[in-house]
Amino acid sequence: MSARARRTVAGLTAAALLTLTLAPGAAAGGRPFTTDLTGEAEVSATGVPNQGDLDGFGTAELTINPGLGQVCWSIEVSDVETITAAHIHVSPVISAGPVVVPLNPYASGCVDVDRELALAIIHDPSAYYVNVHNATYPAGALRGQLGR
């Protein structure tokens with residue numbers, strides 16, 4: 001093998017190793033968000049606050065990764081009945097809005113999302129909120145706006 005061919009192979013090998021080294025870091029990337037979940041933050045369809053479980057509280061930790069097209073989450077709640085659903089909704093603080101990302105209420109995890117949605121959440125987090133639901137509060141027990 002010529003010296004030039006050996007340099008080319010060595011360069012390609014180094015590039016492949018660098019790619020493998022960087023891949024786990026890229027997978028762990030994304031924009032983190034943490035929001036407090038409260039019953040006071042739950043609003044009715046007409047924007048009236050304090051519609052959730054006023055004794056309950058919690059925290060939602062999210063990582064939005066447009067490059068991977070993923071939302072990863074961990075939600076912890078206290079002093080509420082068993083959670084039956086969890087979501088990310090799109091809507092400002094003063095109103096309720098439609099679900100844009102369903103989350104498993106029983107376990108932390110990741111879900112695939114459209115890259116444009118991930119970018120929209122990152123660019124305007126105050127337009128999105130996390131809420132959790134249960135049998136007593138089917139419209140939402142606890143809520144937390146991402147951009148607050």
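A few comments on the model shown:
- Single residue of 43, 93, 100, 48 found to be over 20 Å from residue 32 (Cβ atoms), in contact with a strand residue (DSSP E or B) (Cβ under 9 Å, 6 or more places away or on another chain) and surrounded by fewer than 21 Cβ atoms within 10 Å (Cβ to Cβ): 93
- Flag for residue 42 being in a loop (DSSP other than H, G, I, E, B) and either among the acidic types (Asp, Glu) or modelled with pLDDT of 90 or more (or both): yes
- Some residue of the stretch 125-136 being free of Cβ contacts under 8 Å to residues at least 12 places away in the same chain and not hydroxyl-bearing (Ser, Thr, Tyr): no
- Residue that is surrounded by the fewest Cβ atoms within 10 Å (Cβ to Cβ), among those in the stretch 109-132 that are out of contact with any Lys or Arg (no Cβ under 8 Å at 6 or more places or on another chain) and of a type in the set (Gly, Ala, Ser): 109
- Scanning the stretch 51-70 for residues that are of a type in the set (S, T, N, Q) and surrounded by fewer than 17 Cβ atoms within 10 Å (Cβ to Cβ) returns a single hit, 59.
- Remark: pairs (first residue in the stretch 87-103, free of Cβ contacts under 8 Å to residues at least 40 places away in the same chain; second residue in a loop (DSSP other than H, G, I, E, B) and among the aliphatic types (A, V, I, L, M); Cβ separation under 7 Å; 6+ apart in sequence or on different chains) = 101/113.
- So residue 79, is it out of contact with any Cys (no Cβ under 8 Å at 6 or more places or on another chain), free of Cβ contacts under 8 Å to residues at least 40 places away in the same chain and closer than 15 Å to residue 141 by Cα: yes
- Where residue 135 falls short, out of the listed (1) touching an Asp or Glu at 6+ places or on another chain (Cβ under 8 Å); (2) surrounded by 13 or more Cβ atoms within 10 Å (Cβ to Cβ); (3) not polar (S, T, N, Q): (2)
- Strands (runs of 3 or more DSSP E) completely within the stretch 66-148 that count 2 or more residues being of a type in the set (Ser, Thr, Tyr): 70-78, 128-134
- Inside the stretch 71-90, residues that are surrounded by fewer than 13 Cβ atoms within 10 Å (Cβ to Cβ) and either of a type in the set (A, V, I, L, M, F, W, C) or touching a Lys or Arg at 6+ places or on another chain (Cβ under 6 Å) (or both) make up a count of 0.
- Failed item, numbered, when residue 10 is tested on (1) touching a helix residue (DSSP H, G or I) at 6+ places or on another chain (Cβ under 8 Å); (2) at pLDDT below 50: (1)
The values are calculated or read from the model by the stated rules, or taken from the named source; none is laboratory data. Everything numeric in this text was worked out from a predicted model, so none of it was measured. Cβ: placed from backbone, ideal geometry, glycine included. Neighbour counts: every protein chain shown.
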